Each structure stands twice: as structure tokens, then as C-alpha cells.
1. Does region 13-24 include one or more residues that are among the small types (G, A, S), farther than 21 Å from E100 by Cβ, in a loop (DSSP other than H, G, I, E, B) and at pLDDT 95 or above?
2. Would you confirm whether or not region 110-118 contains a residue that is outside any strand (DSSP E or B), under 21 Å from A30 (Cβ atoms) and out of contact with any strand residue (DSSP E or B) (no Cβ under 8 Å at 6 or more places or on another chain)?
3. Output the residue which, of all residues in region 97-110 that are in contact (Cβ under 8 Å) with a residue 24 or more places away in the chain and touching a Ser or Thr at 6+ places or on another chain (Cβ under 9 Å), is surrounded by the fewest Cβ atoms within 10 Å (Cβ to Cβ).
4. Residues of region 111-132 being closer than 19 Å to A88 by Cβ and free of Cβ contacts under 8 Å to residues at least 60 places away in the same chain, which ones?
5. Would you point out which residue out of G24, G87, G49 is surrounded by 16 or more Cβ atoms within 10 Å (Cβ to Cβ) and among the small types (G, A, S)?
6. How many residues does region 41-61 hold that are part of a helix (DSSP H, G or I) and either hydroxyl-bearing (S, T, Y) or closer than 18 Å to R121 by Cα (or both)?
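The values are calculated or read from the model by the stated rules, or taken from the named source; none is laboratory data. Quantities reported herein were computed from a predicted structural model and do not represent experimental measurements. So basically every Cβ, Gly included, is an ideal-geometry build from the backbone, and we count neighbours across all protein chains shown.
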Amino acid sequence: MSEANPYFDEIQTVNAEVQAWYTGAPQAGALDRLMAHFSAQFSMILPNGATLDWPALREIFAQHGGQRPNFEIQITDSAIIVQYPGGAVVRYNERQSDGEHSRNLRRSTAVLEMDAHGTVRWLHLQETFCAE
């Protein structure tokens, strides 16, 4: 599925904001704006199997803002697994690079919720490393 979709838009938006956070000088309010995309009940399973909640994700972002000037994220192959009233489960590929020497590909599955006003928030994310 490749047509315009608010869930696909949210995935692109958040990953662009994450890239900007890691590559630039952190600006006032930027971390709060980034974290507003994530539900207070957010959970994440990292590629190594470790889990994070919303406070832990915020702490990681807070510690590493502006520290990866060559960091890039590219999102491809987004697809809806299931869409239901108030949310969707989406899969996508996330290619990260940090200059010429560090690249990885992750297959990601996200559970996204949409409120009555059309605001999409991340409820859960699981990332798995895979071969390029």
C-alpha cells in the first residue's frame, strides 16, 4: 500500500524529527514536540530485545540530541497490516546511516492510535535488524 495515509505520514514525520534531533543543535521545545508524538503508554522493543517505555525513550533522546551530525533515516515499504477505528498496525523498513561507515536496516512494526481530532500517536514499536 503506497497511497497517502495519516499513519504513513506520521511515520515519515516522526523519523524526520528524530533525524533532525540527532543531527542538529537541540532547540528549545524540540524534545517536547518530538515526545508529543508518543502515547504516555508507549512501549518499544529494541532490535536487541530490550524494552523501553515513554520515560526511557525521552531519556535516550535527551542524552543524544545533536550528537550524530551525519545521521540519516530513510523509510521505505510502508504497509498497513490492519486498520481499525482509532488506529492501525503498520510495518515499514527503516534504513539508518551515520556517514559512510555505519549503516543498518530495520524492519519495524508500529501500533499507532488516532484520537477523535485526527492526531496520530505511537503506542508501540518493535524493530528487528535485518540484512541489507
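1. Narrowing region 13-24 to residues among the small types (G, A, S): 16, 20, 24.
Those still in the list that are farther than 21 Å from E100 by Cβ too: 16.
With the extra rule that they be in a loop (DSSP other than H, G, I, E, B), the set shrinks to none.
No, the conditions are met nowhere in region 13-24.
2. Step one: of region 110-118, the residues outside any strand (DSSP E or B) are 115-118.
Cutting the leftovers down to under 21 Å from A30 (Cβ atoms) gives us none.
Scanning region 110-118 turns up no residue that is outside any strand (DSSP E or B), under 21 Å from A30 (Cβ atoms) and out of contact with any strand residue (DSSP E or B) (no Cβ under 8 Å at 6 or more places or on another chain).
3. If we filter region 97-110 for residues that are in contact (Cβ under 8 Å) with a residue 24 or more places away in the chain, which is where we start, we get 97-99, 103-106, 109-110.
Subsequent filtering for residues that are touching a Ser or Thr at 6+ places or on another chain (Cβ under 9 Å) retains 103-104, 106, 109.
Values: R103: 12, N104: 15, R106: 17, T109: 15.
Ranking the qualifying residues of region 97-110, first place goes to R103.
4. Correct list: V111, D115, A116, H117, T119.
5. Numbers: G24 fails: surrounded by 16 or more Cβ atoms within 10 Å (Cβ to Cβ); G49 fails: surrounded by 16 or more Cβ atoms within 10 Å (Cβ to Cβ).
Of the residues listed, the single one that is surrounded by 16 or more Cβ atoms within 10 Å (Cβ to Cβ) and among the small types (G, A, S) is G87.
6. Residues of region 41-61 that are part of a helix (DSSP H, G or I), as a first pass: 54-61.
Next, only the ones that are either hydroxyl-bearing (S, T, Y) or closer than 18 Å to R121 by Cα (or both) stay: 54-58, 61.
Residues in region 41-61 being part of a helix (DSSP H, G or I) and either hydroxyl-bearing (S, T, Y) or closer than 18 Å to R121 by Cα (or both): 6 in total.
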